[in-house]
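The values are calculated or read from the model by the stated rules, or taken from the named source; none is laboratory data. Model, not experiment: these values are computed from the prediction. Note that we place each Cβ from the backbone using ideal geometry, even for glycine, and neighbour counts take in every protein chain shown.
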Amino acid sequence: MDYSYEQNLMNRGFQFVCGIDEAGRGPLAGPLVAGAVILDEKKNDFFSLINDSKLLNKNRRQAAFDLILKNAKCWAVGVVTNFEIDKHGLAFANKIAMKRAWKHLALKPNYILSDYMAKVYFETSFELIVDGDKKILSVASASIVAKVIRDRMMDAFARVYPQYGFERHKGYGTKEHLSKIRECGLCPIHRRTFEPIKAKLF
C-alpha cells in the first residue's frame, strides 16, 4: 500500500484527497464511528506504518493513530449513536456517520475515497472502492482513526457499565458479552433493534 492512488488524483488537479472509513458496524453495543483523513504528501515518513486497522495490533494502531493526527493536513470523525442506529437502520446510519466526518473536516476535500460497502454518495467527486481500507492509504488512515476513537469511547462506557466488559470486547458479540447480556439485560448503549441481538438472545 502506498500513496500513488492519491498522488495520481492530485496530479489531475484534485488538491485535497480524503479517505473515509468506519468502525463499529458489527457490534451489539455502542456507536458507529467514521473517520476522515486528508494526508500530507510532504509528511510521508510514517506511511509505511499505515494499514487496515483490523490488520494492526493495538500498539501499532495507536502509534499510527498518533502519527496521523500529528502529520495529516486534517482529520475528523463522525459519530452515530446506538439510538440513531435503532431509528435509521445500520446501512443508513453508516452513511450519516461518514457524512458527519466529511462535514467536520477543516479543509473541504475535492475528491473522496471511501470503502464500497457503505455505498454513500457525496456532493463532490468521489469513488467507492472495494476493500478500500486494504488498498488506499488515506482510507486505511481513516479506518485507524475511526477504530481508535471508537475503542476509546467503549473504554469510557466500560467505566459507566462495568458489568459488561466493554473494555475487552468493545461491544462485539463475544461469548462473554452475550453471557453478560443474558445475566444483566440490555444497558442504554445496546442496539435494541439490531438483528444479531434479536437472533442470538430473543
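List the residue pairs whose Cβ atoms are under 7 Å apart, where the first residue sits in the range 93-108 and is more than 17 Å from residue 39 (Cα to Cα) and at pLDDT 90 or above, the second is assigned to a loop (DSSP other than H, G, I, E, B) and among the basic types (Lys, Arg), and the two are 6 or more positions apart or on different chains.
94/25
In the range 91-117, which residues are crowded, with 24+ Cβ neighbours inside 10 Å and outside any helix (DSSP H, G or I)?
Once the filter is applied, which keeps residues that are crowded, with 24+ Cβ neighbours inside 10 Å and outside any helix (DSSP H, G or I), the range 91-117 yields 109, 112, 113, 114, 115.
Determine which member of the set 67, 56 is surrounded by 15 or more Cβ atoms within 10 Å (Cβ to Cβ) and at pLDDT below 95.
Numbers: 67 fails: at pLDDT below 95.
56 is the lone residue from the list that is surrounded by 15 or more Cβ atoms within 10 Å (Cβ to Cβ) and at pLDDT below 95.
Filter the range 119-155 down to residues that are buried (at least 24 other Cβ atoms within 10 Å of the Cβ) and charged (D, E, K, R) and give me whichever is farthest from residue 40 (Cα to Cα).
150
Give me the pairs: first residue in the range 147-176 and touching a residue at least 40 places away in the same chain (Cβ under 8 Å) and within 14 Å of residue 24 (Cβ to Cβ), second residue part of a helix (DSSP H, G or I) and of a type in the set (Lys, Arg), beta-carbon distance under 8 Å, and six or more apart or on different chains, which are they?
147/54; 147/61; 148/61; 170/150; 173/200
Considering (1) under 22 Å from residue 30 (Cβ atoms); (2) modelled with pLDDT of 95 or more, say which one residue 117 fails and leave the rest.
Looking at each condition in turn, residue 117 falls short on (2).
Determine whether residue 30 is under 17 Å from residue 167 (Cα atoms), buried (at least 19 other Cβ atoms within 10 Å of the Cβ) and not aliphatic (A, V, I, L, M). Lay out the reasoning, then the answer.
Numbers: under 17 Å from residue 167 (Cα atoms): yes; buried (at least 19 other Cβ atoms within 10 Å of the Cβ): yes; not aliphatic (A, V, I, L, M): yes.
So residue 30 fits the description; yes.
Take the range 106-133 and flag every residue that is over 19 Å from residue 53 (Cβ atoms) and within 15 Å of the chain's Cα centre (by Cα). Working first, answer last.
Here is the first cut: in the range 106-133, the ones over 19 Å from residue 53 (Cβ atoms) are 106-111, 119, 121-127.
119 - this is the single residue of the range 106-133 that is over 19 Å from residue 53 (Cβ atoms) and within 15 Å of the chain's Cα centre (by Cα).
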